[in-house]
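The values are calculated or read from the model by the stated rules, or taken from the named source; none is laboratory data. Please read all numbers here as calculations on a predicted model, not as lab measurements. When we count neighbours, we look across all protein chains shown, and the Cβ atoms used for this are built from the backbone with ideal geometry, even at glycine. Ligands, DNA and RNA are excluded from the accessible area calculation, which covers all protein heavy atoms including side chains. Shrake-Rupley method; radii C 1.70, N 1.55, O 1.52, S 1.80 Å.
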Amino acid sequence: MKCKIKNSKLAKESIALQGLTQSKMSDITGISESFLSQVLNGKRTCTGPTAMKIAVALNSDVKTQFDAFV
(Lines give C-alpha, C1' and ligand atoms only; values in the text may rest on other atoms or scores of the structure.)
Protein backbone atom coordinates (compact mmCIF):
# COMPACT_ATOMS: atom_id res chain seq x y z
CA MET A 1 0.00 0.00 0.00
CA LYS A 2 1.21 3.48 -0.85
CA CYS A 3 0.31 6.61 1.08
CA LYS A 4 0.30 10.27 0.09
CA ILE A 5 0.20 13.21 2.48
CA LYS A 6 -3.23 14.87 2.50
CA ASN A 7 -2.27 18.37 3.55
CA SER A 8 1.39 19.33 3.40
CA LYS A 9 0.83 22.69 5.07
CA LEU A 10 -1.03 21.14 8.00
CA ALA A 11 1.69 18.53 8.53
CA LYS A 12 4.40 21.19 8.53
CA GLU A 13 2.38 23.31 10.98
CA SER A 14 2.06 20.27 13.26
CA ILE A 15 5.83 19.84 13.20
CA ALA A 16 6.39 23.51 14.05
CA LEU A 17 3.76 23.51 16.82
CA GLN A 18 5.63 20.68 18.51
CA GLY A 19 8.85 22.69 18.34
CA LEU A 20 10.38 20.25 15.89
CA THR A 21 12.20 20.61 12.61
CA GLN A 22 12.21 18.22 9.68
CA SER A 23 15.73 17.28 10.73
CA LYS A 24 14.52 16.32 14.22
CA MET A 25 11.55 14.48 12.69
CA SER A 26 14.04 12.55 10.59
CA ASP A 27 15.93 11.55 13.73
CA ILE A 28 12.72 10.54 15.53
CA THR A 29 11.31 8.48 12.67
CA GLY A 30 14.51 7.05 11.24
CA ILE A 31 13.48 8.35 7.81
CA SER A 32 16.10 10.22 5.80
CA GLU A 33 15.63 13.96 5.86
CA SER A 34 15.46 14.22 2.06
CA PHE A 35 12.82 11.48 1.74
CA LEU A 36 10.80 12.92 4.64
CA SER A 37 10.86 16.33 2.97
CA GLN A 38 9.65 14.89 -0.33
CA VAL A 39 6.81 13.01 1.41
CA LEU A 40 5.77 16.06 3.41
CA ASN A 41 5.83 18.20 0.26
CA GLY A 42 3.62 15.69 -1.58
CA LYS A 43 6.30 14.91 -4.14
CA ARG A 44 6.70 11.25 -3.11
CA THR A 45 4.46 8.55 -1.73
CA CYS A 46 5.49 6.28 1.12
CA THR A 47 4.57 2.87 2.48
CA GLY A 48 2.00 2.30 5.21
CA PRO A 49 4.65 1.67 7.90
CA THR A 50 6.47 4.88 6.96
CA ALA A 51 3.23 6.85 7.06
CA MET A 52 2.58 5.38 10.52
CA LYS A 53 6.01 6.54 11.76
CA ILE A 54 5.34 10.06 10.50
CA ALA A 55 1.83 10.18 11.96
CA VAL A 56 3.03 8.95 15.36
CA ALA A 57 5.80 11.58 15.38
CA LEU A 58 3.12 14.20 14.60
CA ASN A 59 0.94 12.87 17.46
CA SER A 60 -1.70 12.22 14.85
CA ASP A 61 -3.59 9.43 13.14
CA VAL A 62 -2.49 7.96 9.79
CA LYS A 63 -5.98 8.48 8.33
CA THR A 64 -5.85 12.15 9.30
CA GLN A 65 -2.50 12.78 7.63
CA PHE A 66 -2.46 10.37 4.66
CA ASP A 67 -4.55 9.07 1.79
CA ALA A 68 -3.89 5.41 1.08
CA PHE A 69 -4.10 3.66 -2.28
CA VAL A 70 -2.90 0.49 -3.98
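Between amide H atoms placed 1.01 Å from N, distances below 5 Å from PHE66 occur with LYS6, all of them 5 or more places distant or on a separate chain. Roughly how many Å² of GLU13 are accessible to a 1.4 Å probe, to the nearest 10? Accessible surface of GLU13 is approximately 90 Å².
Expressed in units of 2.2 N^0.38 Å, where N is the residue count, the Cα radius of gyration of the chain is 0.95. Solvent-accessible area assigned to carbon and sulfur over the chain amounts to 54 percent, based on a 1.4 Å probe.
The length gained by stretching the chain between ASP61 and LYS2 to full extension, at 0.36 nm per residue less their Cα-Cα distance, is 19.6 nm. Computed on protein heavy atoms with a 1.4 Å probe, the accessible areas place VAL56, VAL70, VAL62 in the order VAL70, VAL56, VAL62, largest first. Our summary gives the chain a relative contact order of 52 percent, counting only alpha carbon pairs under 8 angstrom and 6 or more residues apart.
What is the count of Lys pairs in the chain whose alpha carbons sit under 17 Å apart, if the two are 8 or more places apart or on different chains? Eligible lysine pairs with Cα atoms under 17 Å apart amount to 18. Put SER34, SER23 in order of accessible area, highest first, and with a 1.4 Å probe you get SER34, SER23.
Each helix, a run of at least 4 DSSP H residues, gives -39500 (n - 2.57); summed and divided by the residues of the chain, these come to -15500 deg cm²/dmol at 222 nm. About its Cα centre, the chain has a charge dipole of approximately 220 debye under the convention of +1 per Lys or Arg Cβ and -1 per Asp or Glu Cβ, with nothing else charged.
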